[in-house]
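Chemist: Right, I'll just put the structure down here and ask away after.
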Amino acid sequence: MEKFVVHGPCSLNGEVTISGAKNAAVAILPATLLVKGKCHLENVPDISDIRAYVEILEALGSKITHISKNELIIDNSNVNSAIASSELTSKFRASYYLLGSLLGRFDKVQISLPGGCNLGARPIDQHIKILEKLGATVEVRNGNVYASRKDTLKGAPIFLDMVSVGATMNAILAATLAEGTTVIENVAKEPHIVDLANFLNSMGAKIKGAGTDTIKITGVKELHQVSSYSIIPDQIETGTFMVAAAVTKGDVLIKNCIPKHMEPITAKLLEAGATVEEHADSIRVKMDKKPNAFTVKTSPYPGFPTDMQPQICILLAMSNGTGMIVENIWESRFQYTDELTKMGADISAHGTTAIVKGVDKLYSAPIRAHDLRAGAAMIIAGLVAEGNTEVYDIYHILRGYEDITSKFASLGANIEYVTDEEK
Ligand code: EPZ
């Protein structure tokens, strides 16, 4: 079994460079299927979710050349299958983007029901509704999703029942090559939505309004190859280092990020008493005292991201008062609080709300990464805690954070990667 051993406590100081955005990359890789040619992608994060996507695409017939660990050329000229390996697609959530992208190119598509972090119910009714509105037939049977179309997809007006990142991405993917105009309302506005639209527009798509509540897509007959596209920096990786810098009373310059994307997190760090300096493409976070307590409520962008909720909880756990977290996106995102309680945190979580009373110290304990972002929070807790904190189930963390141990090491942390073989 593999684990991280985090030697705490420590204060983070220095510079760290952010990788490409996971949640943009997992939509852009399948989006390349819409072009019968080559796409040259830069700033692709080297994480296990991307390696899994590369495997899925290769199994469909893509030829993928690794120029470097963060630069790929994907040639989809010879993709001839739209039946994705169920073993691979069932492992992670973002495999559902194959529905929209493959249906743009093929008459019949099959994927497995997507897996991913266990955050409570994760229905795909909005994805299905979108494809049906565009003229497809969708069936969910025996753990698989089957989508088919008799003719080309046809543009249509679509109103999403709730703001969904994945459904917005799938609508964009499916409507890009559809005949006519699609207007999607009540869409998600996350930076990765805008990045997907920019990527497709760079190949000749006609997508307007990404980043607002309404997206209009005028279908085009075909897309052309793209000579080079650089994926945006990861908002959540940036936020993770911002919180880690503040809670360890450090001073960290976070490079290759987009400060505008960080505003909801910056606002909470300022409330906590940190100093946050914004530069053109970097942010410096400094903190030299115990954090003030605050209330945080998750909501779709530009609100406070649910994917930063576990990390910000560590700041509250070490605060000088009582704070509150209200989780409005996922129904089971507080499972990680049991792990923090083992370390001496004072947290009472019920339903959508957690009350967090600040304590003076956390102490090491064997803890689990319940999901990707909770895993990042466990590392931050280990950096604050007295002693050696063992973090298990770290495969969740490796899904979404590139070189996490060496990035923290460059800031003065000591995190060992240990496998049974090395014991
Ligand atoms: C994306 O998930 C992210 N994943 C998640 O990040 C993130 O937590 C989430 O957006 C919210 O920001 C990827 O981008 C790959 P949603 P997604 O559809 O698209 C409900 C991480 O750690 N809903 O915006 O699956 C749903 O239950 C991951 O990187 C429906 O009811 O999230 C939820 O309550 C974890 N029906 C809400 O909408 C649907 O058809 C928002 O979900 C779709 C969603």
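The values are calculated or read from the model by the stated rules, or taken from the named source; none is laboratory data. Remember, predicted model here, so these are calculated numbers, not experimental data. As a convention, Cβ positions derive from the backbone with ideal geometry for all residues, glycine included, and neighbour counts pool all protein chains shown.
Chemist: Taking only pairs six or more apart or across chains, which ones have beta-carbon atoms under 6 Å, a first residue in the stretch 367-383 that is within 15 Å of residue 315 (Cβ to Cβ) and within 14 Å of the ligand (Cβ to nearest atom), and a second residue that is among the hydroxyl-bearing types (Ser, Thr, Tyr) and part of a helix (DSSP H, G or I)?
Modeler: 376/240
Chemist: Going by the conditions given, is residue 388 touching a residue at least 12 places away in the same chain (Cβ under 8 Å), surrounded by fewer than 21 Cβ atoms within 10 Å (Cβ to Cβ) and in a strand (DSSP E or B)?
Modeler: yes
Chemist: With farther than 22 Å from residue 415 by Cα and touching a strand residue (DSSP E or B) at 6+ places or on another chain (Cβ under 7 Å) as the only criterion, which of 389, 352, 337 stands out?
Modeler: When all the criteria are applied, what remains is 352.
Chemist: While we're looking at this one, here's another question. Looking at 280, 244, 293, which one is modelled with pLDDT of 95 or more, surrounded by fewer than 18 Cβ atoms within 10 Å (Cβ to Cβ) and of a type in the set (A, V, I, L, M)?
Modeler: Answer to the selection: 280.
Chemist: Would a scan of the stretch 142-152 turn up a residue that is part of a loop (DSSP other than H, G, I, E, B) and among the acidic types (Asp, Glu)?
Modeler: yes
Chemist: Of the numbered conditions (1) surrounded by fewer than 16 Cβ atoms within 10 Å (Cβ to Cβ); (2) touching a residue at least 60 places away in the same chain (Cβ under 8 Å); (3) in contact with a strand residue (DSSP E or B) (Cβ under 8 Å, 6 or more places away or on another chain), residue 332 fails exactly one; give the number of that condition.
Modeler: For residue 332, the failing item is (3).
Chemist: Being modelled with pLDDT of 95 or more, more than 30 Å from residue 135 (Cα to Cα) and within 16 Å of the ligand (Cβ to nearest atom) is the requirement here; does residue 47 meet it?
Modeler: Yes; evaluated as a whole, the condition is true for this residue.
Chemist: Listed residues 337, 341; which is modelled with pLDDT of 95 or more, surrounded by fewer than 20 Cβ atoms within 10 Å (Cβ to Cβ) and of a type in the set (Val, Ile, Thr)?
Modeler: Sole residue among the options that is modelled with pLDDT of 95 or more, surrounded by fewer than 20 Cβ atoms within 10 Å (Cβ to Cβ) and of a type in the set (Val, Ile, Thr): 341.
Chemist: Right, something else. For the stretch 185-216, give me each residue that is assigned to a loop (DSSP other than H, G, I, E, B), more than 16 Å from the ligand (Cβ to nearest atom) and out of contact with any His (no Cβ under 9 Å at 6 or more places or on another chain).
Modeler: Residues satisfying the conditions are 205, 209.
Chemist: For residues that are closer than 17 Å to residue 374 by Cα and within 16 Å of the ligand (Cβ to nearest atom), tally how many sit in the stretch 289-321.
Modeler: Within the stretch 289-321, residues that are closer than 17 Å to residue 374 by Cα and within 16 Å of the ligand (Cβ to nearest atom) number 13.
Chemist: Further question on the same structure: Do we find that residue 298 is within 19 Å of residue 382 (Cβ to Cβ) and at pLDDT 95 or above in this structure?
Modeler: no
Chemist: Continuing with the same structure: Just need a number here: residues in the stretch 391-416 that are assigned to a loop (DSSP other than H, G, I, E, B) and more than 21 Å from the chain's Cα centre (by Cα).
Modeler: 4
Chemist: Can you tell me which condition residue 28 does not meet? The list is (1) more than 16 Å from the ligand (Cβ to nearest atom); (2) modelled with pLDDT of 95 or more; (3) closer than 26 Å to residue 204 by Cβ; (4) touching a strand residue (DSSP E or B) at 6+ places or on another chain (Cβ under 9 Å), and all the others hold.
Modeler: (1)
Chemist: Additional query: Go over the candidates 94, 82, 136 one by one and state the one that is more than 13 Å from the ligand (Cβ to nearest atom), at pLDDT below 95 and within 24 Å of residue 201 (Cα to Cα).
Modeler: 82
Okay, residues lined up against (1) of a type in the set (A, V, I, L, M, F, W, C); (2) surrounded by fewer than 24 Cβ atoms within 10 Å (Cβ to Cβ); (3) more than 21 Å from residue 235 (Cβ to Cβ):
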{"position": "361", "(1), (2), (3)": "no, yes, yes"}
{"position": "369", "(1), (2), (3)": "yes, no, no"}
{"position": "377", "(1), (2), (3)": "yes, no, no"}
{"position": "380", "(1), (2), (3)": "yes, no, no"}
{"position": "410", "(1), (2), (3)": "no, yes, no"}
{"position": "418", "(1), (2), (3)": "yes, yes, yes"}
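Chemist: Considering only residues that are within 11 Å of the ligand (Cβ to nearest atom), touching a Leu at 6+ places or on another chain (Cβ under 8 Å) and of a type outside the set (A, V, I, L, M), which ones fall in the stretch 159-184?
Modeler: Listed by number, the residues that qualify are 168, 170.
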